[in-house]
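Here the structure comes first, spelled out in structure tokens, and everything after it is commentary.
The values are calculated or read from the model by the stated rules, or taken from the named source; none is laboratory data. Fair warning: this is a prediction, and the values are worked out from it, not measured in the lab. Note that each Cβ is placed from the backbone with ideal geometry, even for glycine, and that neighbours are counted across all protein chains shown. Protein only, heavy atoms only, side chains kept; ligands, DNA and RNA dropped before computing areas. Shrake-Rupley method; radii C 1.70, N 1.55, O 1.52, S 1.80 Å.
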Amino acid sequence: MKVLVATEKPFAAVAVDGIRDEVEKAGHVMALLEKYTDKQQLLDAVADADALIIRSDKVDKDVLDAAAKLKIVVRAGAGYDNVDLAEATAHGVVVENTPGQNSNAVAELVFGMAVFMARNAFNGKAGTELKGKRLGIHAFGQVGRNVARIAKGFGMEVSALDPYCPDEVMVEAGVKPVHSVEELYRDNEYVSLHIPATAETRGSVGLELVSLMPKGGVLINTARKEVIDEASLKKALEQRPDLKYVADVAPDAADEFREAFAERVFFTPKKMGAQTAEANINAGLAAARQIVAFFRDGDTRFRVNK
Ligand code: 3PG
């Protein structure tokens, strides 16, 4: 079988070597398309692929139409909003993700960003500390749980909201369960977003919630830009000069935000939460192994489409 690794944002070389090893050990071949700049390059590359490993690369109807032999797509990572699941199902293609494999990397970046904002973008002026501050984790999945673990080390008070996670899981992690989104924003100086981009969450965070935050509130977004209502978040930052927004998923209007709010906002040039050698190896190898298990045993344990 031919396994295509198609990553506009490449994995670390050591992860690619590991994927190749896994694939070849199982008797398959690996092809690599990295840093592609044009969708046509992806369409050409998938033509003879039986399996596909991607990151945030878009897999839509065009890609699926062009991939006549494709049987499985594994998103090496958590969020699979970049894959058209209904089209994949219609094309008879299994879609999987690799949950948890890159979550520590994203969680560590949350604290890089929190400290950066607490210390005024390292401008030399007196800032604040994370110790003793309250952190609200918006969604308690794999990343949220790692964020909670690290926050404890900083001496933060941690609470979380997640209607899909039983309270006991939070309590066991030393986290206070919160049952309304308003409470989460009202009671925490720091809120870290870990909700996926779905029909339910798109545009769900803006003025209404952010303006509930206590004085000096910092919103951290390492999840997806789509969960933010940009215009309304901008209003919140205009109305409350004490609020800050830091994101690994820059808003479409990033330049406007930077111009209007200077050091109160910060955006990475490219999403880099999962961009560590360790996360690339973990997620890349998991993806390769899942594909090998799929072809060997029909294993679809991590399937996300019906
Ligand atoms: C994920 O959903 O796993 C993260 O957002 C990482 O995305 P990336 O593979 O594009 O860095």
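Key figures for this structure:
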| read-out | value |
| --- | --- |
| Within the accessible area of the stretch 103-267 (1.4 Å probe), percent carbon and sulfur | 52 percent |
| Peptides 276-285, 48-57 ordered by average Cβ neighbours within 10 Å, highest first | 48-57, 276-285 |
| Top of E168, E87, E230 by mean-square fluctuation, Gaussian network on the chain, Cα under 10 Å | E168 |
| GNM top mover of V143, V14, V46 - the chain, alpha-carbon springs below 10 Å | V14 |
| Angle between the chain longest axis and helix 230-239 axis [Cα atoms, degrees, rounded to 10] | 20 degrees |
| Using alpha-carbon coordinates, inclination of helix 277-297 to the longest axis of the chain, degrees | 40 degrees |
| Filter on K39/K71; K215/K271; K2/K61; K125/K244; K71/K270 - keep pairs with C-alpha separation over 26 Å | K215/K271; K71/K270 |
| Residues of the chain: accessible area per residue with a 1.4 Å probe, Å² | 45 Å² |
| Proximal charge balance of L161 [Cβ under 12 Å; K/R count +1, D/E count -1] | -3 |
| Solvent-accessible surface ranking, highest first, for F154, F140, F116 at 1.4 angstrom | F154, F116, F140 |
| Stretch gain in nm, segment E183-R202, where the contour uses 0.36 nm per residue and the Cα spacing is subtracted | 4.9 nm |
| Placed amide H near R119: partners under 5 Å, 5+ positions off or other chain | T128 |
| Formal net charge of residues neighbouring D187 (Cβ-Cβ distance under 15 Å; K, R +1; D, E -1) | +1 |
| GNM result for the chain, Cα springs below 10 Å: residue of R224, R119, R75 fluctuating most strongly | R119 |
| Ranked order, S211, S192 - accessible area, probe 1.4 Å, largest first | S211, S192 |
| Summed side-chain charge close to T198 - residues other than T198 whose Cβ falls under 13 Å, Lys, Arg +1, Asp, Glu -1 | -1 |
